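To start, the structure under review is shown below, and the notes come after it.
The values are calculated or read from the model by the stated rules, or taken from the named source; none is laboratory data. Just so it is clear, the model here is predicted, and its values are computed rather than measured. Every residue, glycine among them, receives a Cβ derived from its backbone with ideal geometry; neighbour counts consider all protein chains shown. All accessible areas refer to the heavy atoms of the entire protein, side chains included, with ligands and DNA or RNA removed. Shrake-Rupley method; radii C 1.70, N 1.55, O 1.52, S 1.80 Å.
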2 protein chains.
Amino acid sequence: MNYFETVFQEEIRKISLTVPHKLYEPVAYSLSMGGKRLRPALMLHATSIFDGSPERVLPAAMAMEIFHNFTLLHDDIMDQADLRRGMPTVHMKYSSNAAILSGDAMSILAFKYLATLKSDKLQQLFALFSSTAIEVCEGQQLDMDFETRQMVTVAEYLEMIRLKTAVLIAESLRMGALLADAGQSDSDLLYEYGINVGLAFQLQDDWLDVYGDPDIFGKKQGGDICANKKTYLLLKAAEAATGSTHIELNHWLAKSDFDPKQKIAVVIDIYEKTGVSEATRNLMKNYHDRALMALDKMTIPSESKQSLIDFAGEAMVRVK
Amino acid sequence: MNYFETVFQEEIRKISLTVPHKLYEPVAYSLSMGGKRLRPALMLHATSIFDGSPERVLPAAMAMEIFHNFTLLHDDIMDQADLRRGMPTVHMKYSSNAAILSGDAMSILAFKYLATLKSDKLQQLFALFSSTAIEVCEGQQLDMDFETRQMVTVAEYLEMIRLKTAVLIAESLRMGALLADAGQSDSDLLYEYGINVGLAFQLQDDWLDVYGDPDIFGKKQGGDICANKKTYLLLKAAEAATGSTHIELNHWLAKSDFDPKQKIAVVIDIYEKTGVSEATRNLMKNYHDRALMALDKMTIPSESKQSLIDFAGEAMVRVK
């Protein structure tokens, strides 16, 4: 187990022993469900680039991870999701009320950890964290709005995924840098890198649903297509399709009774006709390049950049 | 309109114009529902005692009021309450999902305001606010636990109302003092005063349900009795009742079909037999006296204490 995970598991154990148990048990359960701990890893990595101490950044890394899991917990209630990472969601295992209140406690707990930071930039860090946190709520609201809206533009979709996904990744990097006393300019460039990498990863997710190898990707192909999920690919196709292609797409979107395989085949065919696959790959490449351009402007040794270049490259794997 | 309310209304107006509207409209609605703005008033008062500037304390006062309204908003979902202050609750007016997410945003918004404070005690203020905020969640959890539990002790009840109600009042006072650069000892004594006044007010609430004048109190007499609400009076009666009185009390608590007037009359009779009314008044007096003792130890001029003595006295009005 890596440094963060070791400390975090001990923290989860302490939380699970805190009273009232009915409040803190769901918190510990939610935090134990795993996940890649991507945000703490990025924060610790950003700190290490500027020779910062991992111990010093730890409260912020825990705050990020707890806040991220809080958003998943409450999103699962709102989306009425039964499972997360193959395990019952908090509201299914306990109750909706337990999930609401434990989520509330997690959100506050994140700020409680943040308040233990030792830094002369505390005010800035508090402001950045709370601004970013509220942006994630705005992203979730847009995501919910889109479900019931007929028309969503590609620009609106990109703004939604920026808020819902990219900002927390980007802020993890920036805060890690600031806590290692990196300059403001380098810290902001890391944020810019993070936004672009985050967007590339989300587009990769959308693309892999259609074109990914289910054995590697771990999800059934075309799940988003069957659910009419407003992904970048669907929105782009809706914008690009004309004439009979447009009519056919709308026909399949409106159809409530269909053979999944047939719908997937037809929609993929429309994606081909409208050049959506290539458009997605191009946009991902664009974000990937912008991420590297931000790195390029940073005043750190190029060997320090390699791992970040590699990480950005992962957003392009199986897609290039 | 007083200073706080004027500024706060302008802030609510700004919030109501923020996008996405579906997120911020319910926030503005929740904050517009009124209420006494007790916590900001206490905070500003505490600051004025130590000659602090109201402008400086304003972000913390707004944070307190927004956080308090967030707890009401989420409590209303959990309690499935249709109305608050005679108006539809947020989840009734909008939707459960809107209420969950807007509440989340309010909780974070409170911290965002807090992060704008100009103070060299920012770390301490952030730590106090987040610790107190999580205590309020613990109090709500205990309150929900009690509803389904057969037995709740008086001590457990007092701990619940301390967490759910008193700590936020007390912290408002302490933070107001700290922001005016009051000493730690005086600030902590104000907190102690606030805890005791908060407990006295909650007991007064319980007492007035039974003994208050409905015309003055604005609620139907005996509402708590009909609902089997575990108030201090009921829990104390359950502890004190013996023999046939104990049997009779349990009989009426278990009865699902009853004449409200008859149930209220019988339970009040049991309260008389078990001396519960006097016990409640004595405990309120006790908290009231402890609040004044805390004030007494403070190193401020006695004329500065008078308004706080008056405020504590209000917890005893119609009860003495």
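Here is how the numbers come out for the structure above:
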{"read-out": "Part-to-part distance (alpha-carbon centres) for the range A:23-52 and the range B:6-64, which is given in Å", "value": "33"}
{"read-out": "Cβ-derived FRET efficiency at R0 30 Å, A:Val317 paired with A:Glu248, nearest 0.05", "value": "0.40"}
{"read-out": "Candidates B:Glu248, B:Glu65, B:Glu192: whichever shows maximal mean-square fluctuation once chain B is modelled as a Gaussian network with Cα springs under 10 Å", "value": "B:Glu248"}
{"read-out": "Share of pairwise Cα separations in chain A, more than 35 Å, in percent", "value": "25"}
{"read-out": "Rough spin-label spacing in nm, given labels placed 7 Å along Cα→Cβ, for B:Thr18 and A:Lys219", "value": "3.0"}
{"read-out": "Percent of C-alpha pairs per 20 Å bin, the protein assembly as shown, short to long", "value": "17, 46, 28, 9, 0"}
{"read-out": "For chain A, built as a Gaussian network whose Cα springs stay under 10 Å, the top-fluctuating residue of A:Ala180, A:Ala227, A:Ala133", "value": "A:Ala227"}
{"read-out": "Per-selection Rg to Rh, the range B:224-320 - Cα, Kirkwood hydrodynamic radius", "value": "1.17"}
{"read-out": "Spin-label pair B:Leu122/B:Gln306, simplified geometry with 7 Å Cα→Cβ offset, distance in nm", "value": "3.9"}
{"read-out": "Within the range B:256-287: backbone nitrogen closer than 16 Å to the B:Asn228 label point (7 Å, Cα to C-beta)", "value": "B:256-260, B:263-264, B:267"}
{"read-out": "GNM top mover of B:Met64, B:Met43, B:Met87 - chain B, alpha-carbon springs below 10 Å", "value": "B:Met87"}
{"read-out": "Computed over the range B:75-115, Kirkwood Rh from alpha-carbon pairs, angstrom", "value": "10.8"}
{"read-out": "Under Karplus coefficients 6.51, -1.76 and 1.60, residue-wise ³J(HN,Hα) of the range A:8-20 in Hz, glycine/proline x", "value": "5, 4, 5, 5, 4, 4, 4, 4, 5, 9, 7, 9, x"}
{"read-out": "Residue-averaged [θ]222 nm for chain A, counting only DSSP H segments that reach four residues, each worth -39500 (n - 2.57)", "value": "-24000 deg cm²/dmol"}
{"read-out": "Debye, to nearest 20: dipole size of the range B:1-84, +1 on Lys, Arg Cβ, -1 on Asp, Glu Cβ", "value": "120"}
{"read-out": "Separation between Cα centres of the range B:91-119 and the range A:104-131, rounded to whole Å", "value": "16"}
{"read-out": "Label spacing, shortest first and in nm, from B:Lys93 to its equivalents in the remaining copies (7 angstrom along Cα→Cβ)", "value": "3.6"}
{"read-out": "Fraction of accessible area attributable to carbon and sulfur, chain B (%, probe 1.4 Å)", "value": "53"}
{"read-out": "Residues of the range A:18-59 with amide N under 15 Å of the 7 Å Cα→Cβ point at A:Met87", "value": "A:24-37"}
{"read-out": "Anchor B:Lys118: lysines whose Cα lies under 17 Å away (excluding residues fewer than 8 positions away in-chain)", "value": "A:Lys121"}
{"read-out": "Inter-copy spacing of A:Met316 label points, which lie 7 Å from Cα along Cα→Cβ, given in nm from shortest upward", "value": "7.7"}
{"read-out": "Per-copy distances of the A:Asp213 label point, shortest first, in nm (7 angstrom along Cα→Cβ)", "value": "8.3"}
{"read-out": "Kirkwood-type radius of the range B:22-121, with distances r between different C-alpha atoms, in Å", "value": "14.2"}
{"read-out": "Karplus (6.51, -1.76, 1.60) ³J(HN,Hα), θ = phi - 60°, over the range A:116-121, in Hz, Gly and Pro reported as x", "value": "9, 4, 9, 6, 7, 9"}
{"read-out": "Simple Cβ-charge dipole of the protein assembly as shown, Lys/Arg +1 and Asp/Glu -1, about Cα centre, in debye nearest 20", "value": "200"}
{"read-out": "Calculated from backbone phi, Karplus (6.51, -1.76, 1.60) coupling profile of the range A:298-315 in Hz, x at Gly/Pro", "value": "6, 8, 10, x, 5, 5, 6, 7, 4, 5, 6, 5, 4, 5, 4, x, 4, 5"}
{"read-out": "Accessible surface, chain B, averaged per residue in Å² (probe 1.4 Å)", "value": "42"}
